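A short worksheet on the structure shown next.
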Amino acid sequence: MDHIEYLKEQIARGERMANGALDKLTVDRLKSFVAECRAELAQDENVEAAPLHYPETAP
């Protein structure tokens, strides 16, 4: 499993757990964890999707 798939799995798991949690502290911590995973996922996807840029050379 690559890192992106791992993050997606953790996001889904954290959201499921937050929906079933009863106390506010646990829900807040799970939501914070999910937000961190989403931020890392967005960063990883942007890095992988970014095309290689080569500077233009003048003839």
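The values are calculated or read from the model by the stated rules, or taken from the named source; none is laboratory data. Quick caveat: nothing in here was measured; it's all calculated off a predicted structure. Methodologically, a virtual Cβ is constructed for each residue, glycine included, from the backbone with ideal geometry; neighbour enumeration extends over all protein chains shown. Please note that ligands, DNA and RNA were not included when accessible areas were found on the heavy atoms of the full protein model with its side chains. Shrake-Rupley method; radii C 1.70, N 1.55, O 1.52, S 1.80 Å.
Residues R16, R38 ordered from highest to lowest accessible area at a 1.4 Å probe: R16, R38. Among residues other than R29 with Cβ under 11 Å from its Cβ, the summed charge is -1 (Lys and Arg +1, Asp and Glu -1). Karplus-derived 3J(HN,Hα) values for segment 30-40, using 6.51 cos²θ - 1.76 cosθ + 1.60 with θ = phi - 60°, are 5, 5, 5, 4, 4, 4, 5, 5, 4, 5, 5 Hz; glycine and proline are entered as x. For segment 4-13, putting each phi into the Karplus relation 6.51 cos²θ - 1.76 cosθ + 1.60 with θ = phi - 60° gives couplings of 5, 5, 4, 5, 4, 5, 5, 4, 4, 5 Hz, in residue order, rounded to whole numbers and with x for Gly and Pro.
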